[in-house]
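The values are calculated or read from the model by the stated rules, or taken from the named source; none is laboratory data. Worth saying up front: this structure is predicted, and the values here are computed from it rather than measured. Backbone-built Cβ (ideal geometry, glycine too); neighbour counts: all protein chains shown.
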Amino acid sequence: MNAPYPWLEANWQRLLSTRTRPAQALLLAGPRGVGKGALAQAWAQALLCEAPLPEGAACGSCPACHWFEAGTHPDFRLVTLQEKIGKDGDVKMATGIEVDQAREAVDFVQLSTYRAGFRVVLVNPADSLNLASANALLKVLEEPPLNTVFVLVSDQPRRLLPTIRSRCTRLDIGLPATDTAMQWLNGRQIEDAATLLALSGGAPLDAWNWADGTELDERRSVLEGLARPGQLDPISLAERWKAIKPQTWHTVAYKWLGDLLAVRLQGRVQFNRDFADVLAQLGTQVDLAKLLALAKSHAESGRTLAHPLNRVLQQEAWLIQYRHLFD
Ligand SMILES: [Zn+2]
């Protein structure tokens with residue numbers, strides 16, 4: 001079995017070489033959109049497989065592999081964000097991993113294994129552990145029971161408790177080389193792969209997501225509004241954009257501000273190359289101090305994205321502030 005994505009091959013081989021004596025707590029760290037989650041899943045399956053290939057990868061056909069692929073392996077637990085039903089009946093993703101989930105994982109590793117092999121707990125995204133759930137897990141990370149392997153996956157390893165990080169063997173997954181990423185995207189018949197890859201900061205799976213969904217149209221709608229601050233009407237735009245997912249809006253606006261900052265400081269457009277001309281022009285008009293203030297508050301607001309109170313009003317306020325960058 002190959003690595004889940006071609007750019008992960010070296011890391012995959014490195015993991016496989018440890019299959020007989022794996023790290024009991026592994027942290028896969030690196031940017032979003034590079035396949036850390038898929039690598040973690042493949043590694044868990046390799047550890048649980050009962051007839052592994054000579055190099056250590058899962059066979060894909062033994063009973064353990066079948067259970068794993070069906071999501072029913074009794075010696076595997078995935079600890080992740082759960083969907084919740086809100087008061088209004090909407091299904092929302094929880095913003096953190098709850099302490100009950102961590103306690104359940106702790107209980108799980110203290111049972112004897114169902115099969116004779118390893119037991120694997122995958123925590124993804126590990127930076128979503130709150131203080132209570134992190135502390136609950138810490139107890140077993142300090143002294144994991146025999147044959148137990150924890151795999152933690154994180155885009156933001158700095159947000160993990162230092163005590164958790166220090167228990168883990170860390171494997172950093174970097175961005176792939178542009179050539180490798182482009183080759184992979186081109187193999188998927190993606191139009192304008194170079195623009196999408198730049199937009200995603202070099203992360204191929206993010207680029208692939210952009211190509212796949214409606215988000216690209218939403219991005220264009222947002223950027224066409226932001227490209228003309230003089231004519232921008234905060235009230236009607238906020239109303240029009242309220243259906244866009246908070247995460248999409250936040251990312252698009254964040255990258256736009258980042259590009260404005262880059263051109264203002266004589267740098268090159270990093271993300272929105274298809275808007276390079278507009279950005280170059282806006283960069284000569286923008287007030288640097290105000291831009292820095294907006295970029296900073298925008299970055300901070302990303303932490304509370306899951307609770308957008310008065311979304312339309314917030315967005316209006318943002319747009320008014322944005323318009324003033326060009327007074
Ligand atoms: Zn197998």
Test set (1) free of Cβ contacts under 8 Å to residues at least 12 places away in the same chain; (2) in contact with a strand residue (DSSP E or B) (Cβ under 6 Å, 6 or more places away or on another chain) - C168 fails condition number: (1)
Residue that is nearest to G56 (Cα to Cα), among those in region 90-128 that are without any contact (Cβ under 8 Å) to a residue 60 or more places away in the chain and polar (S, T, N, Q): T113
Residue list for region 1-25, restricted to those being in contact with a Phe, Trp or Tyr (Cβ under 6 Å, 6 or more places away or on another chain) and free of Cβ contacts under 8 Å to residues at least 60 places away in the same chain: A3
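If I filter region 124-136 for residues that are of a type outside the set (D, E), over 22 Å from R167 (Cα atoms) and away from the ligand (no atom under 16 Å from the Cβ), do I get at least one hit? I'd like the intermediate steps shown before the answer.
Here is the first cut: in region 124-136, the residues of a type outside the set (D, E) are 124-126, 128-136.
Next cut, over 22 Å from R167 (Cα atoms) only: none.
For region 124-136, residues of a type outside the set (D, E), over 22 Å from R167 (Cα atoms) and away from the ligand (no atom under 16 Å from the Cβ): absent.
Mind checking which helices (runs of 4 or more DSSP H) fall wholly inside region 1-102 and carry at least 2 residues that are more than 16 Å from the ligand (Cβ to nearest atom)? Please lay out each step first, then the result.
Working: elements: 9-16, 36-48, 63-70.
Qualifying helices (runs of 4 or more DSSP H): 9-16, 36-48.
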Residue pairs meeting the criteria (Cβ under 7 Å; at least 6 apart or on separate chains; first of a type in the set (S, T, N, Q), in region 45-62; second assigned to a loop (DSSP other than H, G, I, E, B) and more than 6 Å from the ligand (Cβ to nearest atom)): none
Flag if G117 is surrounded by 13 or more Cβ atoms within 10 Å (Cβ to Cβ), within 12 Å of the ligand (Cβ to nearest atom) and of a type outside the set (D, E): yes
Helices (runs of 4 or more DSSP H) fully within region 250-327 counting 2 or more residues that are in contact with a helix residue (DSSP H, G or I) (Cβ under 7 Å, 6 or more places away or on another chain), charged (D, E, K, R) and surrounded by 13 or more Cβ atoms within 10 Å (Cβ to Cβ): 311-324
From A132, A177, A94, residue being surrounded by fewer than 20 Cβ atoms within 10 Å (Cβ to Cβ), among the hydrophobic types (A, V, I, L, M, F, W, C) and at pLDDT below 90: A94
Single match in V263, V278, V286, V252 (criterion: aliphatic (A, V, I, L, M) and within 21 Å of A207 (Cβ to Cβ)): V252
Pair list, Cβ under 7 Å, 6 or more apart: region 193-205 residue among the hydroxyl-bearing types (S, T, Y), other residue surrounded by 19 or more Cβ atoms within 10 Å (Cβ to Cβ) and not in a helix (DSSP H, G or I): S200/G33
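Do you know which residues across region 110-165 are among the charged types (D, E, K, R), touching a strand residue (DSSP E or B) at 6+ places or on another chain (Cβ under 6 Å) and not in a helix (DSSP H, G or I)? It would help to see each step written out before you state the result.
Kept after step one, since they are among the charged types (D, E, K, R), are these residues of region 110-165: 115, 119, 127, 139, 142-143, 155, 158-159, 165.
Adding the requirement that they be touching a strand residue (DSSP E or B) at 6+ places or on another chain (Cβ under 6 Å) leaves 119, 127.
Residue satisfying the conditions is R119 alone.
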Test result for V34, at pLDDT below 95 and not hydroxyl-bearing (S, T, Y): no
Any chance R165 is surrounded by 17 or more Cβ atoms within 10 Å (Cβ to Cβ) and of a type in the set (K, R): yes
